[in-house]
Amino acid sequence: MKRFLLLTLLLLASTLAMAQTTWSGLGTNTNWNNTDNWDTNIVPTVTDDVIIPAGFTVDVNVSASIKSIQLQENSTLNIGNNLTFTQASNFAGGTTINWNSGYITGTSTSLTNNGTIAVFNSNVFLGSLTTLINNGQINFIGTGDIYIVTDAVLNNATTGTISFLADGGRFSESGNGTNLLTNDGLIVVNLPDVNDEVFINAEFQNNDGTIQVNNGILNFSNGSLDAQVLTDGIYNVASTGIIDFDNAITLNGSLSGALNGTINWRNNTNVALGNNAYFNFTGNATTLIIGANGAGKSTVLDALTF
């Protein structure tokens, strides 16, 4: 009986060990599909928890489906194809993630980013039912879009920063349902030219986060009712910056900041019944326009205070 129990425990331990696959980097390249790069000498599958140890560079050169991924500090992940996982995963602080193409999909689960994600000139996709929690940095350094697919959420948390650094980058949506970007942290626009423009076209909720436009134009547009909501928060616009709200926007609470540039509300500005919205801006505002160019009007359902 004791021998049988010992054998059972050994088999269980072996099964658990086999479910974890660690990058060894012993191959002649850094490709995901090179079996020599894994400690098991097998490319990981949907049953494997993948660990990329500190200091390695890994190229996701094929579609990869795994159980989870842990990217440890000072390692680099170059995503050039689809990466799919089914359990909570993590990019540690100090990591670099070059999101060159493909989907990141955590089916009904989350990915927490504490590193730096870079988006280049190709469109990339946050897959359906995925929650990406950004505690680190997301940088748009090209013209590529991040498409938020059906019922996916990208949450820029309180310590997170999203930086638009090149003309043309945007958050877009794909498919029906909720395709949501939330901001509890910082969104920064610092474009090369004052006429450069970036876009947030997905559903958007600012939850007391900060939006800072140093140079260039940040355009918000989504045609769905109540798709973009500003609740409290700080809105800083430099003299060479513009925020454009092209579609209806819903306001809640106190909106403040240093306004030395332009904010345009070009459509309905709504305050839900029972709520209040207050503008508490300082600075030498160039323009604060409600319903510009006859495109819309301020809809005050309860109270809108300047």
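Laid out as a table, the results:
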item: Residues within region 75-104 that are in contact (Cβ under 8 Å) with a residue 40 or more places away in the chain, of a type in the set (Ser, Thr, Tyr) and either assigned to a strand (DSSP E or B) or in contact with a His (Cβ under 8 Å, 6 or more places away or on another chain) (or both), tallied; result: 2
item: Hits in region 84-121 - residues which are among the hydroxyl-bearing types (Ser, Thr, Tyr) and closer than 18 Å to residue 32 by Cβ; result: 84, 86, 89, 95, 96, 101, 103, 105
item: Options 217, 148, 187, 162; residue that is more than 19 Å from residue 134 (Cβ to Cβ), in contact (Cβ under 8 Å) with a residue 24 or more places away in the chain, in a strand (DSSP E or B) and not charged (D, E, K, R); result: 217
item: Hits in region 45-75 - residues which are buried (at least 18 other Cβ atoms within 10 Å of the Cβ) and among the polar types (S, T, N, Q); result: 68, 72, 75
item: Selection within region 112-123 - in a strand (DSSP E or B) and either buried (at least 23 other Cβ atoms within 10 Å of the Cβ) or touching a residue at least 40 places away in the same chain (Cβ under 8 Å) (or both); result: 113, 117, 119
item: Test result for residue 138, of a type in the set (A, V, I, L, M, F, W, C), under 30 Å from residue 239 (Cβ atoms) and surrounded by 18 or more Cβ atoms within 10 Å (Cβ to Cβ); result: yes
item: Subset of region 199-257 (residues that are charged (D, E, K, R) and closer than 14 Å to residue 271 by Cα); result: 226, 232
item: Any hit, region 174-188, residues being over 30 Å from residue 255 (Cα atoms), of a type in the set (Ser, Thr, Tyr), at pLDDT below 95 and surrounded by fewer than 17 Cβ atoms within 10 Å (Cβ to Cβ); result: no
item: Matching residues, region 20-44, being part of a loop (DSSP other than H, G, I, E, B), surrounded by 14 or more Cβ atoms within 10 Å (Cβ to Cβ) and among the β-branched types (Val, Ile, Thr); result: 30, 40, 43
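The values are calculated or read from the model by the stated rules, or taken from the named source; none is laboratory data. What you are looking at is a predicted structure, and each value in this text was computed from that prediction instead of being measured. Here Cβ is always computed from backbone atoms with ideal geometry, including for glycine, and neighbour counts include all displayed protein chains.
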